[in-house]
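A short write-up of the structure that comes next.
The values are calculated or read from the model by the stated rules, or taken from the named source; none is laboratory data. If you're wondering where the values come from, they're calculated on a predicted model, not measured in any experiment. Cβ coordinates were reconstructed from backbone atoms using ideal geometry, including for glycine residues, and neighbour counts include every protein chain displayed. Quick note on the areas: whole protein, heavy atoms, side chains included, nothing else; ligands and nucleic acids left out. Shrake-Rupley method; radii C 1.70, N 1.55, O 1.52, S 1.80 Å.
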Amino acid sequence: MQIQIRINEEGALRNQRFAFTDRFTLVTELLQNARRAGAFRIAVDHLAEEQVLRVHDDGHGIGDFQKLLSFHESGWDDGTVAQEHPFGIGFTKCLYAATRIVATSGQLRVDIDTAAALQRAAFEVETMAQAVAGTTIELHGVQIADLDKRMETLCEGFPVGVVFNGKPLQRRYADDHLALMFTPIGAVHVAGNRSGKATRDTLVFLQGFCVKRPSYFKADDVNIIHLDPRQFMARLPDRDTLIDADQQLKRVEAQVKQCWRTILEVAKTQLAPQQFVATYFDAMRQWGHVDVLNDMDTLPAEILQRITGYPIQSGYGEDYVAAVALVPSRHEIESGQVRLVSLGSPDSENAGHWMLARQKGWLIAQAYYLDKDHWIHPHVRYIESDKALIEPQSETSRTQLEGRWVWPLVILCESIRICVGDQEAIVVEDGVCCDDQILVPPGETSGEPVRQLSSFIDEHERYRESDMEADCDALAALIR
């Protein structure tokens, strides 16, 4: 006994109606056919109340009307087949979405009853006395809800001009509307290539239709990819997702990254160093090209901060630091005129380090944003690796603060000495937290040191502002 593959043609015809998952695929397939026919302009008219959809194009027309009713035979020339891999199933969507199809091209016209067609009925192709330019496909009994709301999005990357119900569509992401870089995977538009305002959001199009869309993106701030159809294929039948999408989208991301490399290398030769770094540092960080800075003396301002206020524990902003007004030069850093330190967020264990850095006027450097081989790294001191010695000088009294949230030992003194390694500072204006103690010199009367001791954020990530204010007031009163 032998077995072999057989096709139940009746079942295949009956079940094909369930293959398409998106009602708008009907429109995109008709647009795709018009584009492949060489159209320069496509007019789509949707008469919702009459349930009529009409698509007219100015392409070279239908060469063989039999191809309209031939499943899995594309009917396109060898060049189109090699370039785009058509499957010959797009028009069949019309058979299931409409009750009647009227197709006109050149001098030929056919009127198809779709129910009869699916029962294998034959239809006469008529010859008209007067030829019409291009092709018109008119579908009756079509229900496509909200098409007027979706047409702009459906055609946003389509390469051929489309007029819908008499109004030209914008096609804002079409390749003829963008500045493109031609790459091994296709044409790429990189958002922010001149402004430096890079984004990771990317719209990917194949043969004019979107196959990858971020869940949220800014319309004017998104990368655009038009893939080479010879290399990429979309999944049947709707063709709205790439085959092997996870792997193919990695190729896309790698290509955008490479495009940014090219942009940066060109801009580096055209702009002054300060302008180049200020414009493109964020893009370097986003796309992994910070090593472009390794041979430059100019530093990005974003990695440097000066301490402008009293360091406190805070999960809601850092108003005690600010961007540097003037980025120090490489000579100032390497000669020691400007000292750079690395510090984590203030807490009860590193408050002394922060207070020392503030007294000394050191700059906070976030050198981890730069490449590991950048010249700055040997000049950044990680002072938290040395324990801070914090001592009250000329103590006058000590007592316990009975606060709502914190209960530290409060030590009043004439001054506070802070030592970290070979660096020392004397503090007389501000309180300093040390473990579960608060050291208070004469200049401190505000009660703010309790905020250096605790963030006042509970186990549910809620900020206990009223407790913070009460404990600040309690410490101020205790000092008085």
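Fully extending the segment from residue 107 to residue 182, taken as 0.36 nm per residue of separation minus the present Cα-Cα distance, adds 22.9 nm. Distances between placed amide hydrogens fall under 5 Å for residue 339 paired with 363, all partners being 5 or more residues away or on another chain. If you restrict to DSSP beta bridges whose two residues both lie in the stretch 324-456, what percentage is antiparallel, to the nearest 5? The antiparallel proportion sits near 70 percent. Of the solvent-accessible surface of the chain, computed with a 1.4 Å probe over protein heavy atoms with every protein chain present, carbon and sulfur atoms account for 47 percent. Loop-resident GluC sites (Glu not before Pro) (DSSP state other than H, G, I, E or B) in the stretch 414-480 with no more than 11 further Cβ atoms inside 10 Å of their Cβ: 459, 461. For residue 164, the residues whose modelled amide H falls within less than 5 Å of its own, excluding neighbours fewer than 5 places apart on the same chain, are 44, 169. Based on the reciprocal of the average 1/r between different C-alpha atoms, the Kirkwood radius for the stretch 284-355 equals 14.3 Å. Taking 7 Å steps out from each Cα toward its Cβ at residue 329 and residue 297 produces label points 0.6 nm apart. Database remark: amide H of residue 205 closer than 5 angstrom to the amide H of 211, 225, 226, 227 (H placed geometrically; neighbours at sequence offset of 5 or more, or on other chains; Pro and chain starts carry no H). Between residue 136 and residue 285, the contour length at 0.36 nm per residue exceeds the alpha carbon distance by 48.5 nm. Residues in the stretch 466-472 carry Karplus couplings, in order, of 5, 5, 4, 5, 5, 6, 4 Hz; the curve used is 6.51 cos²θ - 1.76 cosθ + 1.60 with θ = phi - 60°, and Gly or Pro positions show x. The mean accessible area for residues of the chain, using a 1.4 Å probe and ignoring ligands and nucleic acids, is 51 Å² per residue. Relative to the compact-globule estimate of 2.2 N^0.38 Å, the Cα radius of gyration of the stretch 335-437 comes out at 1.25.
Quarter the surface of the alpha carbon convex hull of the stretch 435-480 and you get the mean projected area, 3.4 square nanometres. A probe of 1.4 angstrom, applied to the heavy atoms of all protein chains, finds residue 99 with accessible area near 80 square angstrom. Semi-axis lengths, largest first, of the ellipsoid equivalent to the chain are 71, 26, 19 Å, with √(5λ) applied to each eigenvalue of the Cα gyration tensor.
3J(HN,Hα) along the stretch 364-376, derived from phi through the Karplus expression 6.51 cos²θ - 1.76 cosθ + 1.60 where θ = phi - 60°, amounts to 7, 10, 9, 5, 5, 6, 9, 5, 4, 9, 5, 5, 6 Hz, with x in place of Gly and Pro. The shape of the stretch 107-233 can be summarised by an equivalent ellipsoid whose semi-axes, obtained from the alpha carbon gyration tensor, come to 38, 16, 16 Å from longest to shortest. Relative contact order, whole percent, for the chain stands at 9, derived from Cα pairs under 8 Å and 6 or more residues apart. For the stretch 251-264, the Karplus equation 6.51 cos²θ - 1.76 cosθ + 1.60, evaluated at θ = phi - 60°, returns couplings of 4, 4, 4, 4, 6, 4, 4, 5, 4, 5, 4, 4, 4, 5 Hz by residue, with Gly and Pro reported as x.
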